[in-house]
Amino acid sequence: MLLAACGALSPGGLALAQTEGDNGEFTAHVTDPKGFAQPVAVAVGRQIIIETSQPAERVEATNADIVRLDPLTDTKLLVTGQDYGITQVMVWTADGKQHVFEVTVELDLEMLNTQIKRLDPQSDAQALSVLGNVMLIGNVSGADVAEQIHRMATMFIPRGAVAEIRVENLLRIAGEQQVHLKVIVAEVSRTAIRRLGVNGFLAGENFRDGFLVNNLGGLNPTNIQPVAGTNLRTPNAIPFTLGDIPIGPQSVLTLGFPRANLELFIRAMADNQLSTILAEPTLVSVSGESAFFLVGGEFPVPIPQGGSSAGAITIEYKEFGVNLEFTPLVLPDQRIRLTVAPEISARDETRGLTTASGFVPAITTRRVQTTVELEGGSTIAIAGLLQDEVRGVSSQIPGLGDLPILGPLFRSVDYQRQRTELVILVTPEIVSAMMPNQVPELPGTDLRDPSDLELYFLGVLEGAEPEVEDSMDAEFPEDEALAEDLELAGRRARWRSEPDQLSLHGPWGPAGSDDDLDTVARERR
């Protein structure tokens with residue numbers, strides 16, 4: 001096997017020396033020309049000229065498919081790149097010496113790198129050719145720039161070679177890539193209702209003398225029916241009787257005069273309703289990744305099953321509450337492209353539906369989905385609604401309803417007005433993780449169980465916070481430097497315990513962070 005390998009490689013320029021040892025055994029010494037080969041790079045379809053100081057008697061390439069050799073003169077050799085790869089070019093001179101050139105043939109990406117620099121001058125991104133494939137490396141200013149560079153690199157691939165050449169995108173996005181999103185949903189709904197309606201009846205001592213009934217609007221319908229077994233032709237018979245009249249839920253005022261056989265059922269109402277919703281969901285996600293959360297719950301909805309046994313139902317759960325989903329994309333210059341879909345829903349018992357399976361409430365929903373682009377830390381209103389709805393119904397008995405004083409007794413009026421104001425604001429911001437001293441106090445951290453005195457005698461369910469002596473009011477030692485350090489420590493303690501200190505802005509923190517305090521301490525010393 002060794003002899004066959006050496007014999008095959010010898011024409012390519014390997015020096016093979018055969019000697020016989022003292023005991024007559026065969027030995028061989030192999031020289032690898034790669035150790036002293038000169039590197040040469042040429043692009044596919046491009047040419048270079050190798051000029052030697054001495055005339056060359058013979059030149060050969062180990063792989064003629066990668067490069068083509070064309071001698072121009074005794075001292076000039078034209079090398080043309082034909083395919084991707086690495087090969088060796090051997091040159092023999094008149095003195096019998098052998099010279100080796102290691103030729104690498106790759107893509108010509110000079111123009112591509114020029115365009116990359118024009119596209120993102122601040123980045124250090126570049127394209128490299130590795131075994132006929134394009135590799136993109138370096139840092140860019142944004143995810144969209146990385147995608148543009150990747151698309152541009154595919155345009156520089158030679159025609160017909162798309163199936164063989166790959167573009168590997170190893171670009172890194174510079175800067176922070178986490179986006180903190182705050183959404184504010186504010187809604188105010190006002191409803192004003194005014195109603196007036198009258199139902200009633202008037203009869204003589206008996207119904208034979210006559211009667212008058214007003215059932216306009218069906219406020220509290222009067223039940224008049226013939227007496228059982230009564231013959232209408234019998235003298236002095238009472239053909240009709242007033243049945244028991246229950247007071248309906250729409251009657252807010254009822255008047256009756258039994259001796260006069262007079263009753264009035266009145267609905268007069270002025271109703272003003274006010275509803276406000278303020279939701280502030282907050283979420284953090286990495287650039288290009290979606291984030292979702294739901295603060296609320298689910299309620300069961302019975303669903304009858306057709307074709308099954310009688311009364312068989314299944315339960316399906318419907319979500320309601322504050323729902324937020326967004327996908328951020330960090331762009332250059334601290335800009336953020338944001339796809340956001342907030343939703344606020346609540347159960348509405350007044351618009352529900354009663355079925356054989358039970359009562360199913362309705363859901364009132366405010367939903368929006370959009371894509372916006374804005375600078376980090378700025379706020380934009382992505383949705384707004386101003387709705388003013390007026391509905392009025394007036395019913396009356398012709399003629400009687402137009403009477404000056406008695407007209408309202410024969411008239412029913414229903415007037416409703418609903419005004420809704422809604423606005424949805426979003427504020428994205430590029431953030432990083434907080435330092436340990438920036439973590440705010442969590443809800444319930446300072447909650448303390450009440451003592452027996454507070455619980456039984458004062459009825460307090462949450463104990464009072466223990467008083468802590470302020471380090472600023474404490475007596476400092478005479479050492480001025482130590483006193484200043486204690487003062488800074490006290491200021492740190494108060495900043496950390498501030499209840500409204502909810503910093504989510506990363507390690508640089510708010511004004512007056514620990515780094516600023518340490519700087520002040522160093523300056524004082």
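Quick notes
- Tail fraction, Cα-Cα pairs, segment 37-96, threshold 15 Å, whole percent: 46 percent
- Estimated FRET transfer efficiency (Gln148, Thr75; beta-carbon r; R0 60 Å; 0.05): 0.80
- Principal semi-axes of the equivalent ellipsoid, √(5λ) from the alpha carbon gyration tensor of segment 109-189, are 35, 15, 11 Å from largest down.
- Between Arg46 and Leu170, the simple label model (points 7 Å from Cα in the Cβ direction) yields a spacing of 2.1 nm.
- Dimensions (Å) - segment 301-403, Cα atoms, principal axes, largest first: 73, 58, 19
- Convex hull (Cα only) mean projected area of segment 75-155, reported in nm² to one decimal: 7.1 nm²
- Surface composition of segment 403-464: carbon plus sulfur atoms contribute 64% of the solvent-accessible area (1.4 Å probe, protein chains only, all chains present).
- Peptides 427-440, 336-349, 381-394 ranked from most to least packed, by the mean per-residue count of other Cβ atoms within 10 Å: 336-349, 427-440, 381-394.
- Cα-projected label distance for Val360 with Ile303, points at 7 Å along beta-carbon direction, nm: 0.9 nm
- Taken along the Cα-to-beta-carbon direction at a fixed 7 Å, the label points for Thr254 and Asp65 span 10.4 nm.
- Segment 252-373 - convex hull of the alpha-carbon atoms, volume per residue in Å³: 197 Å³
- Length gained on full extension, Leu202 to Ser378, computed as 0.36 nm times the residue gap minus the Cα-Cα distance: 56.3 nm.
- Along each principal axis, Cα extent of segment 288-350, largest first, Å: 65, 28, 14
- Mean silhouette area of segment 33-192, derived from the convex hull of its C-alpha atoms and averaged over all directions, reads 15.9 nm².
- Volume of the Cα convex hull of segment 343-413, divided per residue and given in Å³: 218 Å³
- Residue separation of Gln115 and Gln82 scaled by 0.36 nm, minus their Cα-Cα distance, works out to 9.4 nm of gained length.
The values are calculated or read from the model by the stated rules, or taken from the named source; none is laboratory data. Values in this document were obtained by computation on a predicted structure and should not be read as measured data. We place every Cβ from the backbone using ideal geometry, glycine too, and count neighbours over all the protein chains shown. Keep in mind that these areas ignore ligands, DNA and RNA; they rest on the heavy atoms of the full protein, side chains included. Shrake-Rupley method; radii C 1.70, N 1.55, O 1.52, S 1.80 Å.
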